[in-house]
Amino acid sequence: MRSSKRTADDEHSIGFAAPGMMQAREMFWQNVTREMLTSLAMQRARLVAHAEAHRKELIAQGKDDPGPIKDLPGFDGRIAVVTRHGDRIPITDIMPLFACSIGGNARTRALSEDVQCTVFQIRTPSGEVYTFPVHEIRGVHALSEEAMQSMKEEAEGKGGGEGGSPFGFAAFTSLSRELESKQREGEAAALDPEPG
């Protein structure tokens, strides 16, 4: 039967394992983030190429030029990154700033492989441009089609909200009214003398 007592050597090895484990998890997350964002950039490039080919085909057929691409499916802000500080950055366009391996000697190649696709430039639907290293990104967030439509309707004042109020404002104001009502009831009860 194995003893449940820990030795000094056990404590020493646990102390070294925890930092190494956390470092491995952080590296794993950064690799996952890098792959997801690289895939998004590639998907957007494919969609742009497909839309541009369709545009050229229409022009070749003598039809009116539909103009430059405005909205691509999925790249309308519904997908976003969440930063270390909790900011949600919606994505309209995304590209890695350094996405290739540089040849040469083995050392140069290894260094370029270590840093490729670790910094991304993101353009938002409002036209802002952010540049992030993958270690600043804490999550990738996506909204469903229904949530995007609801937000658009709320922003345009078409939704079931209160007169074009911001998204989620109706829930906040109803909660606020409920709390005020309970407070008034409590004050009224304190002022009324008890019978009898």
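The values are calculated or read from the model by the stated rules, or taken from the named source; none is laboratory data. Keep in mind the model is a prediction, meaning the values are calculated, not measured. No Cβ is skipped: glycine too gets one built from the backbone with ideal geometry, and neighbour counts run over all protein chains shown.
Quick look at the values:
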| quantity | calculated |
| --- | --- |
| Subset of region 106-152 that is surrounded by 13 or more Cβ atoms within 10 Å (Cβ to Cβ) and among the hydroxyl-bearing types (Ser, Thr, Tyr) - its residue that is nearest to Glu26 (Cα to Cα) | Thr118 |
| Answer from Pro19, Pro68, Pro73 - the residue that is closer than 22 Å to His135 by Cβ and either surrounded by 14 or more Cβ atoms within 10 Å (Cβ to Cβ) or at pLDDT below 90 (or both) | Pro19 |
| Options Arg55, Arg84, Arg46, Arg25: the member that is among the basic types (Lys, Arg) and closer than 16 Å to Phe120 by Cα | Arg84 |
| Within region 77-99, tally of residues that are assigned to a loop (DSSP other than H, G, I, E, B) and either at pLDDT below 90 or out of contact with any His (no Cβ under 9 Å at 6 or more places or on another chain) (or both) | 10 |
| Identity of the residue in region 135-162, at pLDDT 90 or above and in a helix (DSSP H, G or I), that ends up farthest from the chain's Cα centre (by Cα) | His135 |
| Any hit, region 117-125, residues being assigned by TED's automatic domain parsing to the domain that holds Gln43, at pLDDT 80 or above and touching an Asp or Glu at 6+ places or on another chain (Cβ under 6 Å) | yes |
